[in-house]
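The structure appears right after this line, and notes come after that.
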Protein chains: 2
Amino acid sequence: MANVVLLAGGVGGGKFAHGLQARIGERLTVVVNTGDDLERHGLPIWPDHDSVLYNLANKDDRERGWGLRDETWGVSEQLERLGQETWFRLGDRDIATHLIRAELLRAGTRPTEVARRLGVAFGIAARILPMADEPIRTLVRTDAGWLEFQEYFVHRHQADEVREVRFAGAEAAAMSWEVSTAIGSADAILIGPSNPIVSIGPILAVPGIADTIAEARRRGTPVAAVSGIVGGKALRGPADRMLASLGHEPTALGVARIYAPFVDALVIDHADASLAPAIESLGLRVKVTDTIMTDDAARARLAGEVLEFAVAR
Amino acid sequence: MANVVLLAGGVGGGKFAHGLQARIGERLTVVVNTGDDLERHGLPIWPDHDSVLYNLANKDDRERGWGLRDETWGVSEQLERLGQETWFRLGDRDIATHLIRAELLRAGTRPTEVARRLGVAFGIAARILPMADEPIRTLVRTDAGWLEFQEYFVHRHQADEVREVRFAGAEAAAMSWEVSTAIGSADAILIGPSNPIVSIGPILAVPGIADTIAEARRRGTPVAAVSGIVGGKALRGPADRMLASLGHEPTALGVARIYAPFVDALVIDHADASLAPAIESLGLRVKVTDTIMTDDAARARLAGEVLEFAVAR
């Protein structure tokens, strides 16, 4: 096994990336969703990138499920005292990341290079690539109108039904040469157990990425996804409700139908074993295993199994 | 007593401003030095403004002598872990101020308006005005060359002898209408116990300010200064050494000679009572009192005495 590219969103993608890094180290490149990025208190926040970064650095907070371990909240508490809106909570250690990023970006550094430097600062082995250097913003249409993603996700606690999704700016963006090279030289391409609509969807919407993956498949590069829907439920977040409200089946089979044009294999949980024949009838190979990553060992085990399965045909 | 304008630098000026506010509340306007301002980690830091702000809000740390009380250091410690230079330490609560300021400035808000909003957020009665909206940077020439002020002051611990001082950008700056109006309508103008060279010097170097003060004096507005040099020593900071290396006498008399063109009265400490005749011979009225502000009561007492003395002639 040589080079692997993983497409990933935030939490689930971060855990799976960490497992892969435990297996293959620097041969892993993670292409992360940037559609959730936002600005808060003038700071550029990259939630999915940072989830992956903190997981790869083994500094993610396992209880809270987001942000850094051993976090403190001095800045946010003071911002609140001073009358600022703080629905998007930022930890003090986390803010250090945002400050470094803000300074680099303001000096004109490309996001791809900013991500590289943050990776160096955190001492991670794998490489994280933003899906594009241009700003792309995921917007969701709800009964309250079009909302920015974090407005829907964090501020309104995913209470709204999502009627439509779009990736503003995607048409003006372009795959970076780093993403192009990584996909082109990958021995396997994986899609993490992330929300297919708003975590993986934006990545595949970047002009060039889906085509480059399709080209790699034609040359024989295996492409496998892991379902983030288990037993009809998202392990975290609103993916199940979002699939349903957008007219998809909120199951691993629904995920399979979305990914069928892009992948040749899907990894699903034991809980969904009965769906395997239906998924196979879509033309996908299926592996059934335990996909819940409860600890480091489970992360690495799942990563190893997915890797083996992806290249097994 | 109606309206008072105080020209002030950081720590000593902040304490004295706090005492004045205890006496006259919202009738106090503090014009602060901005020559020490700098950018760290992409954040605009206004050390003298914030010292005055935190003192006026009664949130200044009395033991450390700078910054906010009950401060934590999560961001700075993490920045250091990530390989950033952190010789200019920023507390977490303090960073909230810088974030709010950065966002306002980046949106095009004038520094004078930014200061007003920060004053509102901290709930202070007095008003703080930056000496100018344009950037002015105090530079000091040392045997190591020209240094930015905080490089000399914080990073190099004031170890260098100061051979020359200049205020880069002053010639291109202009007194704001707020400063002009405040001075023009003041019933007394005071100069706090700040460093005459690098705290008060920059304020008087802003085109228009010294002239407007002179005009107010011609109309009869009293102008009084408090010596920050007591017994030949600065209470804090390098003012004594700086006066000496720039050819001034490092005493209250040296301070009197610098301020003589601008003021008609000087307040000095009991320790310097013997200098009173020499100062009076410069044409200044002199008041001798206890100028050390050890607690809130001392701040308010000194402020009251200086006010009374200033308008007493």
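Quick note: the coordinates plus some simple rules give every number you see, no bench work behind them. Here the structure is a predicted model, which means the values were calculated and not measured. Cβ sites come from the backbone with ideal geometry, for glycine too, and all protein chains shown count toward neighbours.
Across segment A:147-153, rounded Karplus estimates of 3J(HN,Hα) from the backbone phi angles (6.51 cos²θ - 1.76 cosθ + 1.60, θ = phi - 60°) give 10, 5, 4, 6, 4, 5, 7 Hz, Gly and Pro being marked x. Sorted from closest to farthest, the other copies place their A:Ala174 label points 4.4 nm away, with each point set 7 Å from Cα along Cα→Cβ. Computed over Cα pairs, the Kirkwood radius of segment B:1-98 leads via Stokes-Einstein (1.002 mPa s, 20 °C) to a diffusion coefficient of 150 µm² per second.
Take A:Leu105, move 7 Å from Cα toward the beta carbon, and the resulting point lies 1.8 nm from the same point in each other copy, nearest first. Label-point distances for A:Arg219 to the equivalent site in the other copies, using a point 7 angstrom along Cα→C-beta, read 7.9 nm when ranked shortest first. Give the residue from B:Leu53, B:Leu282, B:Phe149 lying farthest towards the positive end of the charge dipole for chain B; charges sit on Cβ (+1 for Lys and Arg, -1 for Asp and Glu) and the dipole is referred to the Cα centre. In chain B, that residue is B:Leu282. Kirkwood's formula applied to the C-alpha pairs of the protein assembly as shown gives a hydrodynamic radius of 27.5 angstrom. Reducing segment B:202-229 and segment B:268-293 to their Cα centroids gives an inter-centroid distance of 19 Å.
The modelled label-to-label distance between B:His270 and B:Thr181, using points 7 Å beyond Cα along the C-beta direction, is 4.3 nm. Taking a virtual spin label 7 Å from the Cα of B:Glu39 along the C-beta vector, which residues in segment B:52-94 bring their backbone nitrogen under 19 Å of it? Within reach of a label on B:Glu39: B:84-90. Among A:Asp36, A:Asp61, A:Asp143, the ranking by other beta carbons within 10 Å of each residue's beta carbon, starting with the fewest, stands as A:Asp143, A:Asp61, A:Asp36. If one computes the Cα centroid of segment B:80-108 and of segment A:103-178, what distance in Å separates the two points? With segment B:80-108 and segment A:103-178 each reduced to a Cα centre, they are spaced 23 Å.
Both radii come from the Cα set of segment A:34-90: Rg as radius of gyration, Rh as Kirkwood radius; their ratio Rg/Rh reads 0.99. Charges were assigned to the Cβ only: +1 to each Lys and Arg, -1 to each Asp and Glu. The resulting dipole of chain A about its Cα centre is roughly 580 debye. Shape analysis of segment A:274-313 places it in the oblate category; the axes a ≥ b ≥ c from the Cα gyration tensor give an a/c of at least 1.5, with a/b not above b/c.
Principal axis extents of the Cα atoms in segment A:224-313, from largest to smallest and rounded to whole angstrom, are 34, 29, 22. When the Kirkwood radius is taken over all Cα pairs of segment B:55-201, what Stokes-Einstein diffusion coefficient follows at 37 °C and 0.692 mPa s, in µm²/s? It diffuses with D of about 184 µm²/s by this estimate. The equivalent ellipsoid of chain B has semi-axes of 29, 22, 19 Å, largest first, where each one is the square root of 5 times an eigenvalue of the Cα gyration tensor. Counting only other chain Cβ atoms within 10 Å of each residue's Cβ, the peptide B:91-104 averages 6. Over the residues of chain A, the helix contribution to mean residue ellipticity at 222 nm works out to -11000 deg cm²/dmol, using -39500 (n - 2.57) for each DSSP H run of at least 4. Estimated translational diffusion coefficient (Stokes-Einstein, Kirkwood radius over Cα pairs, 37 °C, 0.692 mPa s) of segment A:152-293: 207 µm² per second. Residues whose amide H comes within less than 5 Å of that of B:Ile128, counting only those at least five positions distant or on another chain, are B:Val30 (H built at 1.01 Å from N in the peptide plane). Among the GluC sites (Glu not before Pro) in segment B:1-110, those located in a DSSP loop and surrounded by at most 11 other Cβ atoms within 10 Å of their own Cβ are B:Glu63, B:Glu85.
Cross-link partners of B:Lys287 among lysines, defined as those whose alpha carbon lies under 20 angstrom from its own and excluding same-chain residues fewer than eight positions apart: B:Lys15, B:Lys233.
The charge dipole of segment A:40-145, taken about the Cα centre with unit charges on the Cβ atoms of Lys, Arg (+1) and Asp, Glu (-1), comes to about 300 debye, rounded to the nearest 20. Peptide B:116-127 has a mean shielding of 1, counted as Cβ atoms of other protein chains within 10 Å of each residue's Cβ. Normalised by the number of residues in chain B, the mean separation of alpha-carbon contacts (under 8 Å, six or more apart) gives a relative contact order of 20 percent.
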